[in-house]
There are 2 protein chains.
Amino acid sequence: MITLHHLEQSRSFRILWALEELNLNYQIQFYRRLATLAAPPELKLVHPLGKAPVLTDGEQSIAESAVILEYLQEQYDTQQQFKPQDHANKQQYRYWMHYAEGSLMPLLVMQLVMTNVPQHVPFLIKPVAKKITAGVKAGFIQPRLKDHVQFLESYLATHDYFAGTFSFADIQMSFPLQALVSRTQGKYPHIQAFIQRIAERPAYLRAQSKEQAL
Amino acid sequence: MITLHHLEQSRSFRILWALEELNLNYQIQFYRRLATLAAPPELKLVHPLGKAPVLTDGEQSIAESAVILEYLQEQYDTQQQFKPQDHANKQQYRYWMHYAEGSLMPLLVMQLVMTNVPQHVPFLIKPVAKKITAGVKAGFIQPRLKDHVQFLESYLATHDYFAGTFSFADIQMSFPLQALVSRTQGKYPHIQAFIQRIAERPAYLRAQSKEQAL
């Protein structure tokens, strides 16, 4: 039996969606975030890092979203619907699988942490905290993120999907792109159009209903 | 012809090392960091994100360390020396390829940025900056990093290499682990032993000499 260890409002929605694309039988083990928004300690019983998603399939326990997606594709996508077959698109598939969490997400996470810092410091040092975190954003995060957004916007201007037709690379990219869209208020029409395109897929909608029912 | 676009003191040492393991003919295009330590703008002529490493092979231009390593292994490791063949170790190979930059490096980069912040603020707010960055480290980075270090130390206590015998997954993991070792002063003997083990490889030493000669 396949079990998805699913943390609310997290990267593990991608796996729920992939399981729906594959029409697999699976069960969901659901975890709520703590009041601090951190993952609950029970997740450490499934994987030493205590993170989600983790997928168990029989004896195997698999972590890292891209690794789970690639595993599911290889094991269960018997008609090769969700991974391209030609060399160029296979390279793109691999690239975006790594890029999503290796390059884009770290900047988005750091930006979020910096945004939250001023709320968590004593009242008197809030102005200084705002100044310091604004400095990190302006000096380190924003110039890099600007390059990424332009890169993605121009890629999606000429591609409906990241690796040819719809593939699991699009699922992997969905999470950081949804974060980007929610922070840029529709300023990037091609990124926005991509998010709309994938959110209309029947499997996406089924995954969303299942998550809402948890 | 294969060209490695190589930035000094960066992730691209891994690719130099992999090229040496494969005994390939290649050329190196070398880039120095700016005084700010950022990558120089010329790198944007090779890839829109302006990052290193980038590998060009004929018409192809490939970014992301893990993607380059997997490309080189598939194209040029004709005897399959650097990727395991059995299912369990293949899964490990894939896991560590993604984990290195997807999970471990983001925390190390954020830790480095937080450590550098107090040096870049006006003198009068240095004490507050230290307090704030110490708070981010203690509240967000350190608890997560502690889990990672324990996870890696206990994995390496029972494994000489990350995916069976030596593979490109070890090259991918070398960069964050070297950063960890340099920040933890030998407190983690199995991580330290791994770093020593890989740094004794003839191809590693050749890559090191080539880099020093640039």
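Annotations
- Interface residues of segment A:26-54, defined as those losing at least 40 Å² of solvent-accessible heavy-atom surface relative to the isolated chain (probe radius 1.4 Å), are listed as A:49.
- When Rg and the Kirkwood radius Rh are both evaluated on Cα atoms of segment A:87-201, their ratio Rg/Rh stands at 1.06.
- GNM result for chain B, Cα springs below 10 Å: residue of B:154, B:174, B:65 fluctuating most strongly: B:154
- Folded to 0 to 90 degrees: helix A:189-199 orientation relative to chain A principal axis, Cα: 40 degrees
- Taken per residue, the accessible surface of chain B reaches 46 Å², heavy atoms only and a 1.4 Å probe.
- Residue among A:169, A:38, A:18 with the largest mean-square fluctuation in a Gaussian network model of chain A, springs linking Cα atoms under 10 Å: A:38
- Exposure ranking of B:205, A:124, A:22 by accessible area [1.4 Å probe, largest first]: A:124, B:205, A:22
- Heavy-atom accessible surface that B and A bury in contact, both chains counted, 1.4 Å, Å² to 100: 3700 Å²
- Probe 1.4 Å - accessible area at residue A:126, Å² to nearest ten: 50 Å²
- Dipole orientation for segment B:2-82: of the candidates B:79, B:43, B:28, B:43 has the Cα lying most toward the positive pole (charges on Cβ; Lys, Arg +1; Asp, Glu -1).
- Cα gyration tensor, the protein assembly as shown - rounded (a/c under 1.5), prolate or oblate: rounded
- Inverting the pair-averaged 1/r between distinct Cα atoms of segment A:2-82 gives 12.9 Å as its Kirkwood hydrodynamic radius.
- Taken along its principal axes, the alpha carbon cloud of segment B:36-96 reaches lengths of 43, 27, 15 Å, longest axis first.
- The candidates A:47, B:6, B:159, arranged from most to least accessible area with a 1.4 Å probe in the full protein assembly, appear as B:159, A:47, B:6.
- Once the Kirkwood radius over Cα pairs is known for chain A, the Stokes-Einstein relation at 37 °C and 0.692 mPa s delivers a diffusion coefficient of 177 µm²/s.
- Computed with a 1.4 Å probe over protein heavy atoms only, the accessible area of residue B:67 comes to about 0 Å².
- Carbon and sulfur %, accessible surface of the protein assembly as shown computed with the full protein complex present, 1.4 Å: 53 percent
- Using a Gaussian network model of chain A in which every pair of alpha carbons under 10 angstrom is joined by a spring, one finds that among A:150, A:92, A:60 the greatest mean-square fluctuation is at A:60.
The values are calculated or read from the model by the stated rules, or taken from the named source; none is laboratory data. The shown structure was predicted, so the numbers you read here are calculated from the model rather than taken from an experiment. Glycine also receives a Cβ, built like all others from the backbone with ideal geometry; neighbour counts cover every protein chain displayed. Surface accessibility is based on the protein's heavy atoms, side chains included, excluding ligands, DNA and RNA. Shrake-Rupley method; radii C 1.70, N 1.55, O 1.52, S 1.80 Å.
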